[in-house]
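> Here's a structure for you.
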Ligand SMILES: NC(=O)c1ccc[n+]([C@@H]2O[C@H](COP(=O)([O-])OP(=O)(O)OC[C@H]3O[C@@H](n4cnc5c(N)ncnc54)[C@H](OP(=O)(O)O)[C@@H]3O)[C@@H](O)[C@H]2O)c1
């Protein structure tokens with residue numbers, strides 16, 4: 001919301017849980033968007049509905065299979081139809097977890113092969129939008145990180161561990177493209193402003209092993225914590241994950257001119 005407003009857009013935000021005056025209550029499990037927002041009163045240009053809802057991450061979806069399918073698939077399909085019926089356009093946030101990680105980097109034309117429920121839900125909605133609302137925008141992201149110490153994300157986890165002098169566990173062999181959350185917000189705005197439709201990969205073009213990113217972080221922080229490489233079993237995941245994720249963002253960069261923030265800059269801003 002902050003990013004879109006700073007770029008001059010009129011923004012209406014919804015919330016399920018936070019009772020603030022400036023956000024409209026909306027629970028995807030129970031509400032219809034047109035009962036909450038009066039689209040007829042929005043007459044000023046194109047209307048996009050940025051759908052950032054997920055029932056939860058990989059394990060939450062797996063542990064609550066019926067409810068997560070209801071929210072992430074059944075109710076999201078209803079939302080998609082409702083968005084089309086008011087002539088607005090759906091911006092759906094998808095994930096690199098639509099792939100199994102065996103052949104990276106992945107581009108938009110690659111076959112989907114999700115390993116877990118979360119990725120399967122994303123695949124089902126991507127296909128639904130392709131068939132029913134081709135004017136929609138689907139943006140696939142990889143690992144999103146922040147650059148602030150007062151928010152919860154990968155770097156703040158490592159920071160907490162490093163300050164406590166604790167070892168940092170690292171999934172052996174995992175690769176990722178940490179993408180700054182502010183870049184994600186900007187990319188969503190650019191996608192709308194450029195009137196994109198269809199599927200785009202939105203991820204930092206840099207790709208690292210998790211071990212390398214942890215080392216970069218510890219070096220920049222002047223910390224010397226142990227980094228323990230462990231296998232997936234030791235991390236106690238409830239559902240499977242691809243070991244490697246890497247999205248090729250060339251199509252999005254060509255369409256928008258987007259510049260992604262390098263990981264070294266994300267780390268230095270975080271530590272500063
Ligand atoms: N974070 C990443 O690294 C990443 C990577 C790839 C793709 N994505 C995708 O990007 C989107 C945003 O991710 P995120 O990390 O911000 O996820 P998140 O922190 O789990 O936030 C999900 C949001 O969905 C809301 N929500 C859940 N059930 C709802 C319902 N029934 N009705 C209305 N709202 C509901 C939650 O509201 P409450 O606050 O009330 O619980 C929360 O605000 C998701 O679609 C996710 O799959 C994220």
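The values are calculated or read from the model by the stated rules, or taken from the named source; none is laboratory data. Quick caveat, the model's predicted, so the values are computed rather than measured. Using ideal geometry, Cβ is built from the backbone for each residue, glycine included, and neighbour counts are taken over all protein chains shown.
> Within region 164-193, can you find the residues that are more than 20 Å from the chain's Cα centre (by Cα) and touching a residue at least 24 places away in the same chain (Cβ under 8 Å)?
Going through region 164-193, the residues more than 20 Å from the chain's Cα centre (by Cα) turn out to be 164-173.
Residues satisfying the conditions are 165, 166, 167, 168, 169, 170, 171, 172, 173.
> If you go through region 131-163 one residue at a time, how many are assigned to a loop (DSSP other than H, G, I, E, B) and surrounded by 14 or more Cβ atoms within 10 Å (Cβ to Cβ)? Steps first, please.
In the first step, residues of region 131-163 are kept if they are assigned to a loop (DSSP other than H, G, I, E, B); the result is 133-136, 142-143, 146-153.
Checking the rest, the ones that are also surrounded by 14 or more Cβ atoms within 10 Å (Cβ to Cβ) come to 133, 135-136, 142-143, 146-147, 153.
Final tally of qualifying residues: 8.
> Condition check: farther than 27 Å from residue 198 by Cα and within 11 Å of the ligand (Cβ to nearest atom). Does residue 28 satisfy that? First the steps, then the outcome.
Values: farther than 27 Å from residue 198 by Cα: no; within 11 Å of the ligand (Cβ to nearest atom): yes.
Answer is no for this residue.
> On the basis of being touching a strand residue (DSSP E or B) at 6+ places or on another chain (Cβ under 6 Å) and either at pLDDT 95 or above or under 21 Å from residue 141 (Cβ atoms) (or both), does residue 210 make the cut?
It is true that residue 210 is touching a strand residue (DSSP E or B) at 6+ places or on another chain (Cβ under 6 Å) and either at pLDDT 95 or above or under 21 Å from residue 141 (Cβ atoms) (or both).
> Tell me which helices (runs of 4 or more DSSP H) are completely within region 16-120 and hold 3 or more residues being more than 17 Å from the chain's Cα centre (by Cα), or say none if there are none. It would help to see each step written out before you state the result.
On the way: elements: 33-36, 58-63, 65-69, 76-85.
Counting at least 3 such residues, we get 33-36, 65-69, 76-85.
> Taking the condition of being in a strand (DSSP E or B) and surrounded by fewer than 18 Cβ atoms within 10 Å (Cβ to Cβ), how many residues in region 170-226 meet it? If you could, list the steps in order and put the result at the bottom.
We begin by selecting, within region 170-226, every residue in a strand (DSSP E or B); these are 170-171, 175-176, 179-180, 198-202, 208-209.
Right, trim to surrounded by fewer than 18 Cβ atoms within 10 Å (Cβ to Cβ) and you get 198, 209.
Total satisfying the criteria: 2.
> Here is a list: 96, 46, 84, 68. Which entry is modelled with pLDDT of 95 or more, within 25 Å of residue 183 (Cα to Cα) and either away from the ligand (no atom under 11 Å from the Cβ) or touching a helix residue (DSSP H, G or I) at 6+ places or on another chain (Cβ under 9 Å) (or both)?
Details: 46 fails: modelled with pLDDT of 95 or more; 84 fails: within 25 Å of residue 183 (Cα to Cα); 68 fails: within 25 Å of residue 183 (Cα to Cα).
Checking each option against the conditions leaves just 96.
> Hey, among 238, 255, which residue is under 19 Å from residue 58 (Cβ atoms), at pLDDT 95 or above and surrounded by fewer than 17 Cβ atoms within 10 Å (Cβ to Cβ)?
Values: 255 fails: under 19 Å from residue 58 (Cβ atoms).
Of 238, 255, the one residue that is under 19 Å from residue 58 (Cβ atoms), at pLDDT 95 or above and surrounded by fewer than 17 Cβ atoms within 10 Å (Cβ to Cβ) is 238.
> I need every pair where a residue in region 54-68 that is under 18 Å from residue 236 (Cβ atoms) has its Cβ under 6 Å from the Cβ of a residue that is part of a helix (DSSP H, G or I) and modelled with pLDDT of 95 or more, sequence separation at least 6 or different chains.
58/118; 61/68; 61/117; 61/118; 62/117
> Okay, moving on. Cβ contacts < 6 Å: first residue farther than 17 Å from residue 49 by Cβ, restricted to region 119-139; second residue surrounded by fewer than 21 Cβ atoms within 10 Å (Cβ to Cβ), any location; separation 6+ or different chain. Result?
120/114; 121/73; 123/112; 123/114; 124/73
> Now, a different point. Filtering region 1-15 down to residues that are in contact (Cβ under 8 Å) with a residue 40 or more places away in the chain and part of a loop (DSSP other than H, G, I, E, B), which residue is farthest from residue 33 (Cα to Cα)?
Per the criteria, the residue is 7.
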